[in-house]
Structures are given as C-alpha cells and as structure tokens.
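**Student:** Questions regarding the structure given below will be posed in turn.
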Amino acid sequence: MKDICKVYKPEILTCPICGSKLAYCYTVSNKLVYFTSGKRIRIKNLGYKCSGCDCDTTFVSQTANKLCFKGYSYSVKLVATIALMKEEGRSRDYICDYLYNKGIEISDRNIGNLCNKFNEFLNLDYLKNIKEAYQQMMDKYNTLRLSIDFRKVMDDTVVVVY
C-alpha cells in the first residue's frame, strides 16, 4: 500500500509585520503519521519566511501541527484512543495487539509515553496559555493572530490555542 503525502503551507502568506509576501525557506517537518483507521499519511509542513523585513519568524501550517503531537508519529485522535483504552484498564500488550491488527506498529513503551503525553495536555493551564499567547502576539505584531479550537476529549472540553 502506497502512503499518501499531504503538503501544508502556512495559513498566512504575507508577513504580519510588513505585509511582504512570505517565501518558502525549508521543510520544517516531513513525517509519516499513523491514524486510527490504520492509514499512514506523510505530512510535510513547509516553513516560510519574510523577505521584506528583519522578521526572524518561520511561519508554518497550524493545520499540519494539529494532526499529531510534536515528536511523535501518531495522530492526536490515535493518542486519545490509546489513552482511553488505558483508562478502561486495557494492558499495554492488548493495546499493541489491537493497533497491530489495524496495521499500526507501536511498542509497549510508546504506549506509556503517549498516555503520559496525553495526560500532560489534559492537565495544562489553558487560560494561562491563552493569556501568554495573546500577550506575545500583541507585543510582536500589535494585533491578535490566534487560532483557537475547542475539542471534546472524554468528558472534558479542551481549548487548543495556536
């Protein structure tokens, strides 16, 4: 089975400081991501920089960033599924076997790491993160540039800010 490749550019293509067109500079990430269906998709997140001012920011796609946790090759939904199975009392071996039957190879050690990562996100102080991101945007761009998503995870509503 051939893997699908999706290429993502930043959602904005002009510099928020000077208004110049952003130009491609390098690929920020290029990784194969496993999804709950067992499909694997290669996600390429392209980095763009401003050519008109001294802005040192590399702009990337927030959509691509939302597909999986940084440093892992598993979709956010797959990580949530693993955490839910662990919460239901399933063993690491059971979860590994379940995922293997879907064509997803994962070690029992990664099961524990992903559960810990998921729990870190559940326990974050989101209001603090929103305030910090807001202040950074105001200091740097003097305008609000936030992407806020609401996600339902188990019985909690989670606010995700980019």
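**Student:** Looking only at region 46-57, decide whether some residue is under 26 Å from Asn119 (Cβ atoms) and aliphatic (A, V, I, L, M).
**Tutor:** Checking region 46-57: not a single residue is under 26 Å from Asn119 (Cβ atoms) and aliphatic (A, V, I, L, M).
**Student:** Take Thr57 and tell me if it is at pLDDT 90 or above, in contact with a strand residue (DSSP E or B) (Cβ under 8 Å, 6 or more places away or on another chain) and among the β-branched types (Val, Ile, Thr).
**Tutor:** no
**Student:** Let me ask something else. Every residue in region 37-66 that is under 18 Å from Gly103 (Cβ atoms) and of a type outside the set (Ser, Thr, Tyr), please.
**Tutor:** Gly38, Lys39, Arg40, Ile41, Arg42, Ile43
**Student:** So, one more: For region 37-118, which fully contained helices (runs of 4 or more DSSP H) count at least 3 residues that are under 30 Å from Ile17 (Cα atoms) and under 14 Å from the mean Cα position of the chain (by Cα)?
**Tutor:** It comes to 62-67.
**Student:** So, in region 8-36, exactly how many residues are part of a strand (DSSP E or B) and of a type outside the set (A, V, I, L, M, F, W, C)?
**Tutor:** Looking only at that region, the number is 10.
**Student:** Another question, if that's okay. Quick one: in region 1-28, which of the residues that are crowded, with 16+ Cβ neighbours inside 10 Å and at pLDDT 90 or above is farthest from Asn101 (Cα to Cα)?
**Tutor:** By that ranking, first place goes to Leu22.
**Student:** Let me ask something additional. Is region 142-151 home to any residue that is at pLDDT 85 or above, closer than 22 Å to Lys66 by Cβ and β-branched (Val, Ile, Thr)?
**Tutor:** No.
**Student:** If I filter region 91-135 down to residues being open to solvent by 60 Å² or more (accessible area, probe 1.4 Å) and either β-branched (Val, Ile, Thr) or touching a helix residue (DSSP H, G or I) at 6+ places or on another chain (Cβ under 8 Å) (or both), which single residue comes out as farthest from Thr36 (Cα to Cα)?
**Tutor:** This residue is Asn119.
**Student:** Moving to a separate point now. For region 38-65, enumerate the residues that are touching a Phe, Trp or Tyr at 6+ places or on another chain (Cβ under 9 Å), open to solvent by less than 50 Å² (accessible area, probe 1.4 Å) and in contact (Cβ under 8 Å) with a residue 40 or more places away in the chain.
**Tutor:** Passing the criteria: Phe59, Val60, Ser61, Ala64.
**Student:** Taking only pairs six or more apart or across chains, which ones have beta-carbon atoms under 8 Å, a first residue in region 82-110 that is at pLDDT below 90, and a second residue that is exposed (fewer than 12 other Cβ atoms within 10 Å of the Cβ) and assigned to a helix (DSSP H, G or I)?
**Tutor:** Hits for this filter: Asp108/Asp93.
The values are calculated or read from the model by the stated rules, or taken from the named source; none is laboratory data. Source: prediction; values computed, not measured. Every residue, glycine among them, receives a Cβ derived from its backbone with ideal geometry; neighbour counts consider all protein chains shown. These accessible areas exclude ligands, DNA and RNA; they are computed on the full protein's heavy atoms, side chains included. Shrake-Rupley method; radii C 1.70, N 1.55, O 1.52, S 1.80 Å.
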